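Okay, structure first, notes after.
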Amino acid sequence: MNNYFVILAAGKSKRFDNNVAKQFYSYRNKEIIDHSVEKSLNSKLFKKIIIVTNDLSHFKKKKYPKSISIIKGGKERSDSSLKALKYLKRYKPLNVYIHDAARPNFSIKLLKNISKNLIKNKAVVPVITSKDSIKYKIKNQIFNLNRNNSLLTQTPQAFRFKDLYNLARKEKKNI
């Protein structure tokens, strides 16, 4: 398969009340990011895995296989995604999966399901329904959303590389 896996790990974890960035926090005896790296490797679905980070020095001590590349991220998530897409362009990928490094609890089964669904679609985004009440505010009024019509998106998300690359370049300010 001509699939590539991008792990976005350039975030500063501003809302995470800790002196360690969330992706580098220890969870189940390894850094959170390494759970995603391990699952993506074990899935055997990807030619290459790209880790996008602003802490390149953190990865110097890690021993990853040659199928993993570490690249410098951007200021915002959209900047990091675009940098990864530009980096991947040289490999002429068919599909790209984009994942948030701070979300370690996806499964290989989910990756395979996404892969299966990507055959007939340009994009596949996993969603779950909310069990919580969802509200939104307009000016000083609060409204209830019908949670049965609300979906919460998750990562990894998969796309036809060419479509995502072209969209990301054209709509850089909006994506």
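How would the stretch 1-143 be classified by its alpha-carbon gyration tensor: rounded, prolate or oblate, with rounded meaning a/c under 1.5 and the a/b versus b/c comparison settling the rest?
Here the stretch 1-143 falls in the oblate category.
Which of these, Y87, Y27, Y136, has the largest mean-square fluctuation under a Gaussian network model of the chain (Cα springs below 10 Å)?
Result for the chain, Cα springs under 10 Å: Y136 fluctuates most.
Let's see if you can work this out: charge +1 on each Lys and Arg Cβ, -1 on each Asp and Glu Cβ, no other charges. What is the dipole magnitude of the chain about its Cα centre, in debye to the nearest 20?
500 debye
Quote the relative contact order of the stretch 26-175 in percent (integer), defining contacts as alpha-carbon pairs under 8 Å separated by 6+ residues.
Taking the mean separation of contacting Cα pairs over the length of the stretch 26-175, I get 24 percent.
Connecting C-alpha atoms closer than 10 Å in a GNM of the chain, tell me which of N95, N146, N113 has the biggest fluctuation.
So, out of N95, N146, N113, the one fluctuating most is N146.
So if I place +1 on the C-beta of Lys and Arg and -1 on the C-beta of Asp and Glu, and nothing else carries charge, what would the dipole magnitude of the stretch 74-175 be about its Cα centre? I want it in debye, nearest 20.
360 debye
To make sure I understand the rule: partners must be aspartates and glutamates, Cα under 20 Å from the Cα of K109, and not fewer than 8 residues away in the same chain. Which ones qualify?
Cross-link targets: D34, E38, D100.
Would you calculate a helix-derived [θ] at 222 nm for the chain, using -39,500 (n - 2.57) for each DSSP H run of n ≥ 4 and dividing by the full residue count, to the nearest 500?
Calculated at 222 nm, the ellipticity per residue is -8000 deg cm²/dmol.
Of H99, H58, H35, which has the largest mean-square fluctuation in a 10 Å C-alpha GNM of the chain?
Looking only at H99, H58, H35, the biggest GNM fluctuation is shown by H58.
Rule-based calculations on the coordinates, nothing more; no lab input. This one's a predicted model, so the numbers in the text were calculated from it and none came from an experiment. Methodologically, a virtual Cβ is constructed for each residue, glycine included, from the backbone with ideal geometry; neighbour enumeration extends over all protein chains shown.
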